[in-house]
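The values are calculated or read from the model by the stated rules, or taken from the named source; none is laboratory data. Not measured: the values here are computed from a predicted model. We work out accessible area using only protein heavy atoms, side chains counted, and drop any ligands, DNA or RNA first. Shrake-Rupley method; radii C 1.70, N 1.55, O 1.52, S 1.80 Å.
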Amino acid sequence: MKKIEIEQSSKAFYSGHAGLALVGNLINGYTSLCEQLEKQVPGRPMISHADVVKTYLGLLCLGKS
């Protein structure tokens, strides 16, 4: 398993949505979500199914449905 480094910065300012970067990194780096969706759901829509699922996961992490 890959290591994730989280460190404090004295220069950077993070908003309340900064945790989405961590969630996005975890989804892209530790899962094969995009590849599995490409295999399971046929077709080539304008917006990929993986993008829709990742967006929905981001909204859930923010506490929205």
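With θ taken as phi - 60° and the coefficients 6.51, -1.76 and 1.60, list the Karplus ³J(HN,Hα) couplings across region 41-53 in order, rounded to whole Hz; mark glycine and proline as x.
10, x, x, 10, x, 5, 10, 5, 4, 5, 5, 5, 5
With every protein chain left in place, what is the accessible area per residue of the chain in square angstrom, probe 1.4 Å?
Computed with neighbouring chains in place, this is 90 Å² per residue.
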